[in-house]
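Peer 1: Sharing a structure with you now.
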Amino acid sequence: MSEGQKFQLGTVGALSLSVVSSVSIVICNKALISTLGFTFATTLTSWHLLVTFCSLHVALWMKLFEHKPFDARAVMGFGILNGISIGLLNLSLGFNSVGFYQMTKLAIIPCTVLLETLFFRKQFSRSIQLSLTILLMGVGIATVTDLQLNVLGSVLSLLAVLTTCVAQIMTNTIQKKFKVSSTQLLYQSCPYQALTLFIVGPFLDGLLTNKNVFAFKYTPLVLFFIVLSCLISVSVNFSTFLVIGKTSPVTYQVLGHLKTCLVLAFGYVLLRDPFSWRNILGILIAVAGMVLYSYCCVLENQQKQNEAPVKLPEDKESETDPLIGVENGTGILADGGVQKVVPLWNSNKDLDA
């Protein structure tokens with residue numbers, strides 16, 4: 001098997017793992033949040049990350065992967081930024097309507113494209129731009145309901161979009177710059193993400209739900225679903241880093257919207273959630289956009305491979321990435337959701353990927 005075939009097989013495996021694990025955690029968290037009343041999303045995410053770190057530590061002890069330390073400031077900044085991103089997304093959902101929150105999620109793709117264009121001079125063809133536009137239009141039709149604006153909610157949404165975009169771009173650039181695998185990066189950044197959310201989680205959840213996570217009645221059934229959610233999250237977190245490392249932040253966002261469509265379809269078919277012609281139309285348009293995006297990406301990759309032998313050697317890529325430089329004090333920028341429109345906490349990023 002050639003290297004190109006191995007890479008394609010690995011990419012397909014990463015995408016499949018991400019979809020399956022994310023849809024699985026949706027089912028688990030829907031039962032935990034909607035049925036059992038455990039609405040402490042941020043605190044639950046800190047437990048997800050803690051279990052993920054422990055699992056990776058056991059894997060390291062069993063020598064399933066090699067520990068590769070690199071720039072500690074970059075890892076710390078990246079981990080804290082990821083934690084802040086999750087917290088801001090939760091706040092955005094808490095202070096905005098579900099419809100406006102879905103618009104916030106849709107804004108991540110164009111914002112990511114803009115940042116990659118400005119800081120990395122990445123070129124997106126018109127066919128790619130058209131496919132992304134169709135995709136966003138379809139997801140918007142399927143998911144966006146009411147749009148209620150307020151100043152605080154709008155500011156939180158803007159900050160959530162910016163931090164999420166920068167964190168996902170950094171995931172890709174750090175892996176390529178320091179030549180670390182998704183497992184190595186996840187292992188080193190997990191403690192900082194978990195610590196950030198563990199500190200702010202109870203306060204944030206209390207602010208949004210008016211409940212105390214420590215006063216909640218933990219029945220055996222609740223504990224079972226919490227443990228199950230944490231175990232599935234290991235796969236969700238790992239697949240997130242794996243997908244972004246093998247593809248790009250934009251492709252990961254496209255995959256995220258595919259999960260949205262799958263969750264909506266799953267809710268209608270198995271859970272008999274309310275569904276309308278607008279949901280069906282939106283999903284069909286979004287799927288068409290995703291198919292077109294995948295087709296355009298394959299064509300462009302083939303074209304690059306065909307042109308590679310005749311190209312002159314290019315200048316070596318700069319050793320300083322603007323978004324990584326942020327963590328070293330030299331950057332320009334200051335710095336896996338269930339994505340469902342019902343009920344309140346079913347749209348959180350941290351519960352998906």
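The values are calculated or read from the model by the stated rules, or taken from the named source; none is laboratory data. This one's a predicted model, so the numbers in the text were calculated from it and none came from an experiment. Ideal geometry is used to build each Cβ from the backbone, glycine not excepted, and the neighbour counts take in all protein chains shown. Just the protein is used for accessible areas: all its heavy atoms, side chains included, with ligands, DNA and RNA removed. Shrake-Rupley method; radii C 1.70, N 1.55, O 1.52, S 1.80 Å.
Peer 1: Could you work out how much longer the chain between Ser24 and Leu152 gets when fully extended? Use 0.36 nm per residue separation minus the Cα distance between them, nm to one decimal. Present the calculation step by step, with values, prior to reporting the outcome.
Peer 2: Numbers: separation 128, 0.36 × 128 = 46.08 nm, distance 3.31 nm.
Using 0.36 nm per residue and subtracting the Cα-Cα distance, I get 42.8 nm.
Peer 1: I've got another one for you. How much net charge surrounds Val180 when only the other residues with a Cβ under 12 Å from the Cβ of Val180 are counted, with Lys and Arg +1 and Asp and Glu -1? Please list the in-between numbers first.
Peer 2: On the way: positive: Lys68, Lys176, Lys177, Lys179; negative: Glu66, Asp71.
That sum, taken over residues with Cβ under 12 Å, equals +2.
Peer 1: Classify segment 82-144 as rounded, prolate or oblate from the Cα gyration tensor: take a ≥ b ≥ c as the square roots of its eigenvalues, call it rounded if a/c is under 1.5, otherwise prolate when a/b beats b/c and oblate if not.
Peer 2: Values: a/c = 4.05, a/b = 1.37, b/c = 2.97.
Verdict is oblate for segment 82-144.
Peer 1: Follow-up. Of the peptides 238-248, 215-225, 201-211, how do they stack up when ordered by the mean number of other Cβ atoms within 10 Å, highest first?
Peer 2: Working: 238-248: 23.4, 215-225: 11.9, 201-211: 16.9.
Highest-to-lowest ranking by the protection proxy: 238-248, 201-211, 215-225.
Peer 1: Leaving ligands, DNA and RNA out of it, work out the accessible area of His67 with a 1.4 Å probe and give it in Å² to the nearest 10.
Peer 2: Accessible surface of His67 is approximately 80 Å².
Peer 1: For an R0 of 56 angstrom, estimate the FRET efficiency from the Cβ-Cβ distance between Asn306 and Ala215 and round to the nearest 0.05.
Peer 2: On the way: r = 63 Å, r/R0 = 1.12.
Using R0 = 56 Å, I get an efficiency of 0.35.
Peer 1: Within segment 1-129, what whole-number % of the accessible surface is contributed by carbon and sulfur, with the 1.4 Å probe and all protein chains included in the calculation?
Peer 2: Looking at segment 1-129 in its full context, I get 69 percent from C and S.
Peer 1: Moving on to the next point. Count neighbours as other Cβ atoms within 10 Å of each site's Cβ, and list the trypsin sites (Lys or Arg not before Pro) in segment 142-204 that are DSSP loop with at most 12 such neighbours.
Peer 2: Lys179
Peer 1: I would also like to ask the following. Which value, in Å², gives the accessible area per residue of segment 27-151 when a 1.4 Å probe is used on the protein heavy atoms? Before the final figure, lay out each step's value.
Peer 2: Numbers: 5550 Å² over 125 residues.
Result: 44 Å² per residue.
Peer 1: I need the phi-derived Karplus couplings for segment 169-177: 6.51 cos²θ - 1.76 cosθ + 1.60, θ = phi - 60°, integer Hz, Gly and Pro marked x.
Peer 2: 5, 5, 4, 5, 6, 5, 4, 7, 5
Peer 1: Measure off 7 Å from each Cα along the Cα-to-Cβ vector at Thr117 and Glu66, then give the distance between these two points in nanometres to one decimal.
Peer 2: Each label point lies 7 Å from its Cα, and together they span 4.0 nm.
Peer 1: Report, in listed order, any pair from Lys211/Lys259; Lys68/Lys246; Lys30/Lys68; Lys105/Lys304; Lys122/Lys177 with a Cα-Cα distance greater than 28 Å.
Peer 2: Details: Lys211/Lys259 30 Å; Lys68/Lys246 18 Å; Lys30/Lys68 37 Å; Lys105/Lys304 31 Å; Lys122/Lys177 16 Å.
Going by Cα-Cα distance, Lys211/Lys259; Lys30/Lys68; Lys105/Lys304 fall outside the 28 Å limit.
Peer 1: For segment 58-75, just list the computed ³J(HN,Hα) in residue order, Karplus coefficients 6.51, -1.76 and 1.60, θ = phi - 60°, integers in Hz, with x standing in for Gly and Pro.
Peer 2: For segment 58-75, the Karplus curve yields 5, 4, 5, 4, 7, 6, 7, 8, 9, 6, 10, x, 8, 2, 5, 5, 5, 5 Hz.
Peer 1: So if R0 is 41 Å, what FRET efficiency would Arg278 and Cys54 give, r being the distance between their Cβ atoms, rounded to the nearest 0.05?
Peer 2: Working: r = 43 Å, r/R0 = 1.06.
After rounding, the FRET efficiency stands at 0.40.
Peer 1: Can you give the Rg and Dmax of segment 33-73 based on its C-alpha atoms, in angstrom?
Peer 2: Spelled out, the Cα radius of gyration and Dmax of segment 33-73 are 15.2, 44 Å.
Peer 1: With a/c under 1.5 counting as rounded, go ahead and sort segment 189-262 into rounded, prolate or oblate using the C-alpha gyration tensor (a ≥ b ≥ c being the square roots of the eigenvalues; past the cut-off, prolate if a/b is larger than b/c, else oblate).
Peer 2: Details: a/c = 2.05, a/b = 1.77, b/c = 1.16.
Verdict is prolate for segment 189-262.
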